[in-house]
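Presented below is the structure to which this report refers.
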Amino acid sequence: KAGVTQTPRYLIKTRGQQVTLSCSPISGHRSVSWYQQTPGQGLQFLFEYFSETQRNKGNFPGRFSGRQFSNSRSEMNVSTLELGDSALYLCASSLAPGAEHEQYFGPGTRLTVT
Amino acid sequence: EDQVTQSPEALRLQEGESSSLNCSYTVSGLRGLFWYRQDPGKGPEFLFTLYSAGEEKEKERLKATLTKKESFLHITAPKPEDSATYLCAVAGTASKLTFGTGTRLQVTL
């Protein structure tokens, strides 16, 4: 069974631009969560989607948004990029919603903001 | 607010030298404690889920245990391929994973 896939794997953007990242969950998984990983803060929860609805959201500004499609694929968008948004963005999928269920991570998208 | 503290930050072991990694947590209504392994440049790889104090799970050279305040990941006779960062996370009533900053393990010959 194929794992979680994320595209693109690497991105370089300039301050003020916006970016869209894509995530395809494991087949049959309907819940998708997004995380930001930085050396200073570690892994931090961004949001969770299930059945095309955002179920939960972390403590990030409104510049960070996401959506989920009917096939469970998900995208996250960051607008007006700042230098501090440089990070590894990870997507994880699980069979059911809620953090108590095992989540399987993709390889991540490395975003560099210059 | 849920909190996870992992220690030590880094650990260097010789092949065959057993040790334990610690994960201390405070959480409102524990729904699960998770251990992940992360290799450089890759996403975290799921290892274990523990749901209640006293629970133990094993996989090859790894054994995870859980008490009401902390979890341990015991590594028995490690090999160089066990070198990675090990992450601990908790899920509470807020229904989101809160991660620790990890323990970087290096196993040398």
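The values are calculated or read from the model by the stated rules, or taken from the named source; none is laboratory data. Model, not experiment: these values are computed from the prediction. Reconstructed Cβ throughout: ideal geometry from the backbone, glycine too, with neighbour counts over all protein chains shown. Quick note on the areas: whole protein, heavy atoms, side chains included, nothing else; ligands and nucleic acids left out. Shrake-Rupley method; radii C 1.70, N 1.55, O 1.52, S 1.80 Å.
See the values below:
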quantity	calculated
Estimated buried accessible area (total), pair B and A, 1.4 Å, Å² to nearest 100	1600 Å²
Heavy-atom surface of the range B:14-101, accessible at 1.4 Å and reported per residue (Å²)	45 Å²
The range B:1-58: radius of gyration over Cα atoms, expressed as a fraction of 2.2 N^0.38 Å	1.30
Percent of C-alpha pairs per 10 Å bin, the range A:1-55, short to long	18, 44, 33, 5
Accessible surface of the protein assembly as shown [probe 1.4 Å, protein heavy atoms]: carbon and sulfur percent	47 percent
Peptide A:100-109, shielding by other chains (average Cβ, 10 Å cutoff)	5
In the range B:15-87, the GluC sites (Glu not before Pro) that fall in loop regions by DSSP, at most 16 other Cβ within 10 Å	B:15, B:17, B:55, B:60
Within straight-line cross-link reach of residue B:79, lysines at Cα separation under 18 Å, skipping those fewer than 8 residues along the same chain	B:59, B:63
Of the GluC sites (Glu not before Pro) in the range A:1-98, those whose Cβ has at most 16 other Cβ within 10 Å and which sit in DSSP loop	A:52, A:82
Heavy atoms of residue B:62 accessible to a 1.4 Å probe, total area in Å² rounded to 10	20 Å²
Loop-located chymotrypsin sites (Phe, Trp or Tyr not before Pro) in the range B:23-86, at most 16 other Cβ atoms within 10 Å (DSSP)	B:51
Highest to lowest packing among A:7-13, B:87-93, scored as the average C-beta count within 10 Å	B:87-93, A:7-13
Residue-level accessible surface for residue A:101, protein heavy atoms, 1.4 Å, Å²	70 Å²
DSSP loop trypsin sites (Lys or Arg not before Pro) with at most 14 other Cβ within 10 Å: longest gap in chain B	B:1-60
Evaluated over the protein assembly as shown, the Cα radius of gyration and Dmax, each in Å	17.4, 51
Cα-based radius of gyration of chain B once divided by 2.2 N^0.38 Å, which approximates compact folds	1.02
Exercise: per-residue mean of other protein chain Cβ atoms within 10 Å, B:39-47	5
Spread of Cα-to-Cα distances over 5 Å intervals beginning at zero, given as percent, for chain A	2, 13, 24, 26, 19, 10, 4, 1
